[in-house]
Amino acid sequence: MTLIDYRNENPMVTDDAWTHVAEDAALPTDRPATLSLQRWKAAREELYGRNLSLGVRLESHERVEEILPDLPRLALIALDFPNLNDGRHFTTARLLRERYGFHGKIRATGQVLRDQIDPMRRCGFNEFELAENKDTASAITAFDEISVVYQPAADAQPTAAQLRHRQSGPTMAG
Amino acid sequence: MYKYDHLDNTLVRERAAQFRGQVARRISGELSEDEFKPLRLRNGLYLQLHSYMLRVAIPYGLLSSSQMRALARIARRYDRGYGHFTTRQNIQFNWVSLENTAEILDDLAAVEMHAIQTSGNCIRNTTTDQFAGVAADEIEDPRPWAEIIRQWSTLHPEFSFLPRKFKIAINGAPNDRAAIAVHDIGLSMLRGPNGETGFTVWVGGGLGRTPMLAKPIRDFLPGADLLSYLEAILRVFNIEGRRDNLYKSRIKILVSALGIDRFRDLVEAEWAHIRDSALRLEGREIARIRARFALPPYDANVDSGPFAAKRFEDAAFARWSAANLFPHKQPGHAAVTVSLKPVGGIPGDMTADRMDALADLADEYSHGEIRVTHRQNLVLAHVRQDRLFDLWRALDSLELATPNLMRVTDIIACPGLDFCGLATARSIPVAQRLSARLAEIDERHDLGELTINISGCINSCAHHHVAHIGILGLEKAGAESYQVTLGGSSAKDASIGKIIGRGFGADEIVAAIETIIVTWLELRHDGERFLDSLRRVGQTPFRDALYGQDSRTE
């Protein structure tokens, strides 16, 4: 399985090192793995001691607030998109980056099209598993399509307003 | 008006190119129709009954004459020679092909226009008062703030896949001409204790299946905090809003389910986190955008004498002046409403030739600026009073001078079953027949202000709930059935109309409306508006006239 890895401002197609462990499957001992929220909650005390990269998968209705104390232990959070209309995890990703200071990987999974991955990146995602039968290699150009942003998000890109006023120092509205 | 800088231009051109790629992937089969649909919708492309339809954004309804000419060219080249102005102050082309859409977007980008977010589950075109900037009763021009909202909401990465569409309206005067009470968010401008700009924020209004008036969420929001507060509301909506049922996914349902106090608590808690973020508006950016909306240079010494004399001499001009002029803050000037509602015509339709002719008139009489109103008319906002008579004659020769603003023939109608895949009944032919019939009655009885809106399905694009007389076209046992509501208003005294009784067939609806009006004339006090009479006497006399007194026990 390949995915798009967007790190250091540089998107590339890579092989996926991670395993999404099914509900009743055994945890691998030799490679990083993600668990469902339910399984993570049931087993987290026991898993804390293991020397293994772990991640949690959140379905679109599941909230990151349930795992806030665990964030330092997690290397990856996979946020699922069941369809094109469910955009809740765009907010989840921003909260993870901007409010909860999560520095691990945030991965988009499910019905992910190339048309969503640039806004996802702006919200803090940095790994993308495209929907089945979608061409991963050609999708990396999606990050180059829109170069101007109007609003601050989880990325470091200066907004149009910031670029317009870069010459002079800051002033606040009265 | 707002002029793009190279950043605005770049974004619109890149978005057009991006959409070209999406269309190509659809045509090649790489995208299925199910996948393409949400992508095309967020760029204004609908699949209607007979053709694709492209809805072009006209931010807060403001157009230059050269943009109007570009719309005329598009109407000729890619459509059937006309366009249709909508209740969201946009324009739609009903007969475009999928293959041509990318070219149309390139043509639009060349005149600083686009179709971004004119549909889809995202933040739509922000609407405002068509008299913004020139209205005599205005506190402050809302257009710079509408432009600030436009930029913030354009391709917003977090709010591009909301539970449902999201509409914001902003009004800058004590009189509400932007229908803020029926929007997801309504902003009404006011001055704070030290004269600073601020907003009263309303949330959770909307029409559709469950019409509701917006509720106040914040009495005073400082201007600099506008975007952080909007972002807080949108974020709560994105997380908490329902996605299981199309008809329960608007923010009005969430606000109503949680209660406004609980909803406010969530928003204020979110806002506390982001209020001091980069969303805080800097004074120099507000100033930059405000400067782009500077009013044109007015002549302070216009002689109003000729205007008064012509009204005295010419009864038709006097009638038009009384109906279609709006008081201007600059003495000696007027804002002119150009009616797109000729008697018996299709509300909001305009031919390419008329678009070009109006663009010329805008250059000659109104500093090259045109506005689209949510009543599907146009406005020339800066006309000298001593030139009104000449302008009127020119408009009259173009059949654009029907003296009917806010009158019974100023009907708002959606495209209905003649075009729209969602419609359950036709709207346009009903509007045309009603207009022809009611024009005669208005001629004889001077009906004054009386609004009629006709929606062809429960999605209520024509806002029938807030018309004095609302008509909703439904389908009953294979036939069109028109349900009538009385007593709606979208003005300062906003109210939701109430259903009068069982619906009427397509061959009965015109007579039913006539019965309502004749009944009203019998009980009307001198000069009284229909809405005020109705509020005074209630629905009973109208119900009796329509259904007979025997129906009272129903």
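The values are calculated or read from the model by the stated rules, or taken from the named source; none is laboratory data. What you see is a predicted model, and the numbers here were worked out from it, not measured in a lab. Please note: Cβ atoms are built from the backbone with ideal geometry, for glycine as well, and neighbour counts cover all protein chains shown. All accessible areas refer to the heavy atoms of the entire protein, side chains included, with ligands and DNA or RNA removed. Shrake-Rupley method; radii C 1.70, N 1.55, O 1.52, S 1.80 Å.
In this structure, is residue B:480 part of a strand (DSSP E or B), modelled with pLDDT of 95 or more, closer than 19 Å to residue B:427 by Cα and open to solvent by 50 Å² or more (accessible area, probe 1.4 Å)? Against the criterion (part of a strand (DSSP E or B), modelled with pLDDT of 95 or more, closer than 19 Å to residue B:427 by Cα and open to solvent by 50 Å² or more (accessible area, probe 1.4 Å)), residue B:480 does not qualify.
Among the residues of region B:518-538, write down those that are more than 10 Å from residue B:448 (Cβ to Cβ), outside any helix (DSSP H, G or I) and over 29 Å from the mean Cα position of the chain (by Cα). B:525, B:526 - these are the residues of region B:518-538 that are more than 10 Å from residue B:448 (Cβ to Cβ), outside any helix (DSSP H, G or I) and over 29 Å from the mean Cα position of the chain (by Cα). What are the residues in region B:439-456 that are over 20 Å from residue B:503 (Cα atoms) and either open to solvent by 10 Å² or more (accessible area, probe 1.4 Å) or in contact with a Lys or Arg (Cβ under 9 Å, 6 or more places away or on another chain) (or both), if any? Within region B:439-456, B:439, B:440, B:442, B:443, B:444, B:445, B:446, B:447, B:448, B:449, B:450 qualify. Scanning region A:68-106 for residues that are among the small types (Gly, Ala, Ser) and more than 12 Å from chain B (Cβ to nearest Cβ) yields A:75, A:78, A:101, A:104. Entry remark, region B:286-304: residues being outside any loop (DSSP other than H, G, I, E, B) and without any contact (Cβ under 8 Å) to a residue 12 or more places away in the chain number 3 in total.
Sub-9 Å Cβ pairs linking a first residue in region B:257-280 that is within 12 Å of chain A (Cβ to nearest Cβ) and open to solvent by less than 60 Å² (accessible area, probe 1.4 Å) to a second residue that is part of a helix (DSSP H, G or I) and among the acidic types (Asp, Glu), at least 6 apart or interchain, are B:270/B:231; B:274/A:98; B:274/B:231; B:277/A:98; B:277/B:231; B:279/B:225; B:279/B:231, ordered by first then second residue. In region A:113-122, of all residues being surrounded by fewer than 24 Cβ atoms within 10 Å (Cβ to Cβ) and more than 12 Å from the chain's Cα centre (by Cα), the one that is farthest from residue B:34 (Cα to Cα) corresponds to A:115. Counting the residues of region B:506-517 that are in contact with a helix residue (DSSP H, G or I) (Cβ under 8 Å, 6 or more places away or on another chain), open to solvent by 10 Å² or more (accessible area, probe 1.4 Å) and assigned to a helix (DSSP H, G or I) gives 3.
When B:342, B:331, B:403 are screened for being in contact with a Ser or Thr (Cβ under 9 Å, 6 or more places away or on another chain), open to solvent by 10 Å² or more (accessible area, probe 1.4 Å) and within 30 Å of residue B:208 (Cβ to Cβ), only B:342 passes. The residue of region A:144-154 that is farthest from the chain's Cα centre (by Cα), among those that are more than 7 Å from chain B (Cβ to nearest Cβ) and surrounded by 15 or more Cβ atoms within 10 Å (Cβ to Cβ), is A:149. Being of a type in the set (A, V, I, L, M, F, W, C) and over 19 Å from the mean Cα position of the chain (by Cα) holds for only one residue in B:335, B:315, and it is B:315. Among the residues of region B:18-32, count how many are more than 7 Å from chain A (Cβ to nearest Cβ) and either touching a strand residue (DSSP E or B) at 6+ places or on another chain (Cβ under 9 Å) or assigned to a helix (DSSP H, G or I) (or both). Total satisfying the criteria: 8. Within region B:162-175, if we keep just the residues that are assigned to a loop (DSSP other than H, G, I, E, B) and open to solvent by less than 20 Å² (accessible area, probe 1.4 Å), the residue that is nearest to the other protein chains (Cβ to nearest Cβ) turns out to be B:162.
One line per residue, one yes/no per condition, for (1) at the interface with chain B (Cβ under 9 Å from one of its Cβ atoms); (2) assigned to a loop (DSSP other than H, G, I, E, B); (3) at pLDDT below 95:
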{"residue": "A:108", "(1), (2), (3)": "no, no, no"}
{"residue": "A:112", "(1), (2), (3)": "no, yes, no"}
{"residue": "A:125", "(1), (2), (3)": "no, yes, no"}
{"residue": "A:130", "(1), (2), (3)": "no, yes, no"}
{"residue": "A:142", "(1), (2), (3)": "yes, no, no"}
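Selection of region B:423-434 for residues being of a type outside the set (Ser, Thr, Tyr) and either open to solvent by less than 30 Å² (accessible area, probe 1.4 Å) or under 16 Å from residue B:86 (Cα atoms) (or both) yields B:423, B:425, B:428, B:430, B:431, B:434. Only one entry of B:295, B:230, B:254, B:234 meets the criterion of being of a type in the set (A, V, I, L, M) and more than 14 Å from chain A (Cβ to nearest Cβ), and that entry is B:295. Confirm whether residue A:133 is more than 16 Å from residue A:13 (Cβ to Cβ), of a type in the set (S, T, N, Q) and surrounded by fewer than 19 Cβ atoms within 10 Å (Cβ to Cβ). No, not satisfied. Looking at B:233, B:253, B:217, just one residue is open to solvent by less than 40 Å² (accessible area, probe 1.4 Å), more than 20 Å from residue B:142 (Cβ to Cβ) and among the β-branched types (Val, Ile, Thr), and that residue is B:253.
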